């Protein structure tokens, strides 16, 4: 800024100095105005760029809704084929499941997410064993939202335990099924299977199976229609099948066998009241009969053949369970307590689907997966029978079956 005292020693009047000072102030004002105009222009261009790149829409909750609705419609409402592929059940079964979870399980809509979307996310994780980050991208939700509502649906589904487990019914006297008519009074079959789990390093030794895998030993009991009557997950993989069964019988709310009824078991168990096993040392499994053109030569072979045909229902049930729910095929991302609840939830959903879907494409394709023997006990045990009375009853039953077969 010019000052009169700073003017050089020349003949300049005060009026001229004032004119120069005014011009200088005008120039400074013009520069400030230009700077303000440039800042406004840059702010305007930034707003335009954000609109073009949808940055504002990206963080808008309301703008996500059309995409979320479109995704739900794609996996649920278009066709049963898509719904079964994505959620492992038909559209009608999915709607009934949501209704059941709402009215019996206590599941409710949240502020920004419906029951249908919660259940769809839950089934997507179980059916495809998908990670949290994959599910959140598909459903356009945050990872926290996916995790929170997965556990909420899991909790409410387990409340349906008394409703979804099947009630055991003995084989009637007038049964005409070629598989079950030999076993009057039988309630179904039971066996154990291994399901891989993720456990802390300190617990791996206890969960290591005889094949070296880290898994939990799960006891399953099913009826003649491949529905679970009882399920006990959580035992370490190193535990024997007989040990798991004894624990199930000791529990207050465990497995109950009414007097006069029984379950079919394999040779991993002992022959005793309520549990009928095949003859040891005699060929038993269906794979052993497939390559043979001979028919059973005595009562023991005939009994074992019919026993194997009937007890095969539990092996089919386990295989169908693992085929449908991919989360049971490999180590889960959850801790062991949550994994045990997931196993139980998968069994309950299995029963629900058996009730609601007369035509199940997964069951139709089950035959392709029956060649493996991962859950079959192929070794024979020479342990002494636990009940002589029960063994005598088995002999009488085998004699009766063999005589009926020969028409005696």
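How large, in Å, is segment 69-225 by the Kirkwood hydrodynamic radius built from its alpha-carbon pairs?
It is 18.7 Å.
Suppose we look only past 34 Å in the calculated P(r) of segment 171-406. What percent of the Cα-Cα pairs does that tail hold?
For segment 171-406, the share of Cα pairs beyond 34 Å comes to 15 percent.
Could you rank the peptides 335-341, 311-317 by their average count of other C-beta atoms within 10 Å per residue, with the highest value first?
Those peptides, ordered most packed to least, come out 311-317, 335-341.
Ranked highest first by the average count of other Cβ atoms within 10 Å around their residues, in what order do 210-217, 271-278 fall?
So the peptides 210-217, 271-278, ranked by packing, come out 271-278, 210-217.
For segment 171-406, what's the relative contact order in percent, using C-alpha pairs closer than 8 Å and at least 6 residues apart?
Across segment 171-406, relative contact order equals 23 percent.
Values quoted throughout were computed directly from the atomic coordinates according to the rules given, and no laboratory measurement underlies them. The structure presented is a predicted model; accordingly, all values stated were derived computationally and were not measured. We place every Cβ from the backbone using ideal geometry, glycine too, and count neighbours over all the protein chains shown.
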